[in-house]
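Q: For reference, the structure I am asking about is given below.
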Amino acid sequence: MTEQLIPARKVADGLVFGEGIRWQGDRIVLSDMIGRRVVRVDPADGRIETLLEVPGQPNGLAVAETMDIFILSMFDGKVLRYGNDGAVSVHADLSSVVTGYLGDAVLDAGGTLYVDDVGSRILHGEPPSANGRVIRITADGRVDTLLTGLSFPNGIVISADGRRLYLAQSLSQPPSIRSYSIGEDGSLADEQLFVVPPAPTDGMGIDDDGGVWACVAAGDAGVYRYDRTGRLTHRVMIEGYEPISCSIGGPDGRTMAITAIQALHGKSIFDEMRAGRVQAAVFLADVPFEKRMARP
């Protein structure tokens, strides 16, 4: 069976490198990572509003039921919390824990935050390593390292029933998406290979039918949907761009928001990021699957 192709439409541009895109009600929030700011985008007119400057370079985001935003600050290893009133606080200081940069994040129904540590400071000249980890921050602030020895962990999502966590390892050989059962205590176990994507995967999204949407950011780039058995069913195409992060939501629960960079045509993404030779935009796509969970 050939996957179904879904078109995307550009709604905003002028970003440097978009990451961690999430729905916040009927608006979109994301990190303009290299621009060192967190922004909100109105999907109706593409207007971009800067919410917060983050000198430590923002990366993954998660949105709480309260609409507060958790922000991973890459370089200083802190998880910030941006409130509806604009107040900013340090939710957790992981600077003594991380081995590289804080990457992506997902929030479970009980308020536990799972974040990944990519394992090396690649933008500072360190070579990639297999030192990546997944770190858990409970609602009461307890910090635990759950997984180690990962090859650049990246996109991270939780199934709608809260029972399974999916994690992309961008630099494993071959690139992979693996899944883990989530225990009642929030622990991770029962590692399984979910799928081997055609190229390294960056951010991911998930729908309520159990479909995992993976941003394949090289080669035949697109946002690939794999059903719960690992079968490829749909692909969002963005001509001339490579997707970096995605999230399903919006007023209808069926709109995918995507950040993507202009195609690099085989150039090293890390070299281009270090040199500031990247440009990003925000796209929307109508998908035939819902995401009605309050959290992305």
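The values are calculated or read from the model by the stated rules, or taken from the named source; none is laboratory data. In this text, all values refer to a predicted model and were calculated from it rather than measured experimentally. Ideal geometry is used to build each Cβ from the backbone, glycine not excepted, and the neighbour counts take in all protein chains shown. We work out accessible area using only protein heavy atoms, side chains counted, and drop any ligands, DNA or RNA first. Shrake-Rupley method; radii C 1.70, N 1.55, O 1.52, S 1.80 Å.
Let's see how each residue does on (1) of a type in the set (D, E, K, R); (2) more than 17 Å from R225 (Cβ to Cβ):
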| position | (1), (2) |
| --- | --- |
| G119 | no, yes |
| E126 | yes, yes |
| A160 | no, no |
| R163 | yes, yes |
| Y180 | no, yes |
| V195 | no, no |
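Q: For D116, work out the one condition from (1) open to solvent by less than 40 Å² (accessible area, probe 1.4 Å); (2) under 21 Å from D190 (Cβ atoms); (3) over 13 Å from the mean Cα position of the chain (by Cα) it doesn't fulfil.
A: For D116, the failing item is (3).
Q: Taking the conditions exactly as written (closer than 23 Å to R81 by Cβ and open to solvent by 30 Å² or more (accessible area, probe 1.4 Å)), does D144 satisfy them or not?
A: yes
Q: Restricting the search to segment 25-55, which residues are open to solvent by less than 20 Å² (accessible area, probe 1.4 Å) and in a strand (DSSP E or B)?
A: Once the filter is applied, which keeps residues that are open to solvent by less than 20 Å² (accessible area, probe 1.4 Å) and in a strand (DSSP E or B), segment 25-55 yields I28, V29, L30, S31, D32, V38, V39, V41.
Q: Please return the ranges of strands (runs of 3 or more DSSP E) entirely within segment 56-105 where 2 or more residues are basic (K, R).
A: The qualifying strands (runs of 3 or more DSSP E) are 78-82.
Q: Scan A109, A105, A92 and give me the residue that is in contact (Cβ under 8 Å) with a residue 40 or more places away in the chain, open to solvent by 50 Å² or more (accessible area, probe 1.4 Å) and in contact with a Gly (Cβ under 9 Å, 6 or more places away or on another chain).
A: A109
Q: Quick check, is E65 closer than 18 Å to M33 by Cβ, open to solvent by 30 Å² or more (accessible area, probe 1.4 Å), in contact (Cβ under 8 Å) with a residue 12 or more places away in the chain and not polar (S, T, N, Q)?
A: Taking the combined requirement at face value, the residue does not satisfy it.
Table: residues versus (1) modelled with pLDDT under 95; (2) closer than 17 Å to F194 by Cβ; (3) of a type in the set (D, E, K, R).
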position: G77; (1), (2), (3): no, no, no
position: R81; (1), (2), (3): no, no, yes
position: D85; (1), (2), (3): yes, no, yes
position: D93; (1), (2), (3): no, no, yes
position: T112; (1), (2), (3): no, no, no
position: V115; (1), (2), (3): no, no, no
position: S129; (1), (2), (3): yes, no, no
position: G155; (1), (2), (3): no, yes, no
position: R178; (1), (2), (3): no, yes, yes
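Q: Let me ask something additional. Considering each residue of segment 112-123, count those that are closer than 14 Å to V157 by Cα and outside any strand (DSSP E or B), and give that number.
A: Total meeting the criteria: 1.
Q: With of a type outside the set (K, R), open to solvent by less than 30 Å² (accessible area, probe 1.4 Å) and in contact with a strand residue (DSSP E or B) (Cβ under 6 Å, 6 or more places away or on another chain) as the only criterion, which of I156, I182 stands out?
A: Matching residue, one of I156, I182: I156.
Q: If only one of A257, A217 is modelled with pLDDT under 95 and within 16 Å of the chain's Cα centre (by Cα), which one is it?
A: The unique qualifying residue is A217.
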